[in-house]
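Remarks on the structure that follows.
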Amino acid sequence: MDYIKLALNENLLTSFGSNVSGFESELETYIGCNKKISLVNSGTSALHLGLILLGVQKDDEVICQSFTYCASAFPVLYQGAVPVFIDSERETWNLCPEQLEYAIKHRIANGKKPKAMIAVHSFGMPYKHEEIQYLSEKYQIPVLEDAAEALGSRYKDLKCGTLGNMAAFSFNGNKIITTSAGGCLIVANQNLKERADSLASHAKHKEPHYHHTELGYNYKMSNVAAGVGRAQFESLEARITKRRANFEYYKKNIKKEGIQFVNEPEGFFSNRWLSCTLTESFEMREKIRLNLQDKNIETRPLWKPMHLQPVFEKYPHYTNGVSEDLFQKGLCLPSGSDLTNEDLNRVIESI
């Protein structure tokens, strides 16, 4: 309420004010690496602006992870570009480096070198950064890092959001902290930040009249929403600790044969945004899901791969069966930062 009152007292409720500049500055300090932040109204908007800044245009190809939410790939279509979907590896459930290099070689052989790649930290687990970065440098294809679910996650000593050429966080209502709806684009320098801010504000020039020379967007975050984010940000570490504790509690106490949990590889630190399980079969997953549903406990299957979505069915994909298997057998359990041990025990007993 103090931050919201600040916005009211400033009489700045829209896209400027102390909360916007303050939240951007606090995020920049947190992630480090001299990165700059542009606050926007969603993680999807951030990815879209990132593609524009990377020069993605109509008919360009963009590598996308298939095992993710649609918001990772829709911005490619906003640009009139072509998503090329890549399957996952089993250790982190993220981009498979082997499939990725095969796809890059195949696209180049067919006369179409990808313009960019979007790499996702699924459910807060970092992707295999060193392998992905090696391929990015080898083939000169920049990485737009989808860190929507990974605020607070780390790869070795590097925070997620600083691994790619650009990155996006989401502050949607279901994320580890929220601005109600919102996100941010993370860029390398002040010039790119100013360019992103301009595009997100209808690409207005500084003339006293409204003057536009290119297509702009209404993507900026409001001063009120940024105030909510600043308050939430103060409790980020406590929320990460609680999410990780949820995961460890499930892992320790669910003893049912045929249920697995994805472990952190050495050097990886996941915020455990969602606690996910992998069962031994579709039938087992559905039996658990429907039983919990009957007890008013919400769960959800893991992501349905993008290459199986009707909206993307005409686009190329390079798959190894991993994402389809995860979708068939995986389940997201209740994971909120306010869950009590009583809540967790009720889930465990129901399973």
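A few points about this structure:
- Residue count for segment 73-112 under the criterion of being part of a helix (DSSP H, G or I) and either closer than 19 Å to Ser136 by Cα or of a type in the set (D, E, K, R) (or both): the result is 14.
- Residue match in segment 246-254 (condition: part of a loop (DSSP other than H, G, I, E, B) and either more than 25 Å from the chain's Cα centre (by Cα) or aliphatic (A, V, I, L, M) (or both)): yes
- Hey, Ser18 buried (at least 17 other Cβ atoms within 10 Å of the Cβ) and under 16 Å from Ala148 (Cα atoms) or not: no
- Listed by first and then second residue, the pairs with beta-carbon distance under 7 Å, at least 6 apart or on different chains, first residue in segment 252-274 and under 19 Å from Leu326 (Cα atoms), second among the acidic types (Asp, Glu), are Gly258/Glu280; Pro265/Glu91; Ser270/Glu264; Trp273/Glu149.
- Scan of segment 304-333 for residues that are free of Cβ contacts under 8 Å to residues at least 40 places away in the same chain and more than 30 Å from Leu77 (Cα to Cα), ordered by number: none
- Filter result for Leu236 (of a type outside the set (Lys, Arg) and in contact with a strand residue (DSSP E or B) (Cβ under 9 Å, 6 or more places away or on another chain)): no
- Residue count for segment 271-287, restricted to those that are of a type in the set (A, V, I, L, M, F, W, C), more than 26 Å from Ala148 (Cα to Cα) and under 27 Å from the mean Cα position of the chain (by Cα): 1
- Within segment 320-351, considering residues that are among the aliphatic types (A, V, I, L, M) and farther than 12 Å from Arg90 by Cβ, the one surrounded by the fewest Cβ atoms within 10 Å (Cβ to Cβ): Ile348
- Filtered residues of segment 295-327 (kept if touching a helix residue (DSSP H, G or I) at 6+ places or on another chain (Cβ under 9 Å) and either more than 26 Å from Ala103 (Cβ to Cβ) or among the hydroxyl-bearing types (Ser, Thr, Tyr) (or both)): Lys295, Ile297, Glu298, Thr299, Arg300, Tyr315, Tyr318, Thr319, Ser323
- Annotation for segment 61-72: no member residue is surrounded by fewer than 20 Cβ atoms within 10 Å (Cβ to Cβ) and under 17 Å from Pro142 (Cβ atoms).
- Exclusive hit being modelled with pLDDT of 95 or more, surrounded by fewer than 24 Cβ atoms within 10 Å (Cβ to Cβ) and in contact with a strand residue (DSSP E or B) (Cβ under 7 Å, 6 or more places away or on another chain), set Pro97, Pro114, Pro126: Pro114
- Yes/no for Thr241 being part of a helix (DSSP H, G or I) and of a type in the set (S, T, N, Q): yes
- Residue check, Asn34 out of contact with any helix residue (DSSP H, G or I) (no Cβ under 6 Å at 6 or more places or on another chain), at pLDDT 95 or above and under 22 Å from Thr162 (Cβ atoms): yes
Conditions (1) under 18 Å from Phe233 (Cα atoms); (2) assigned by TED's automatic domain parsing to the domain that holds Gln260; (3) not in a loop (DSSP other than H, G, I, E, B), marked per residue:
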{"site": "Asn9", "(1), (2), (3)": "no, no, yes"}
{"site": "Asn19", "(1), (2), (3)": "yes, no, yes"}
{"site": "Ser25", "(1), (2), (3)": "yes, no, yes"}
{"site": "Cys33", "(1), (2), (3)": "no, no, no"}
{"site": "Gln57", "(1), (2), (3)": "no, no, no"}
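The values are calculated or read from the model by the stated rules, or taken from the named source; none is laboratory data. All of these numbers come straight from a predicted model, not from anything done at the bench. All Cβ positions, glycine included, derive from the backbone under ideal geometry; neighbour counts span all protein chains shown.
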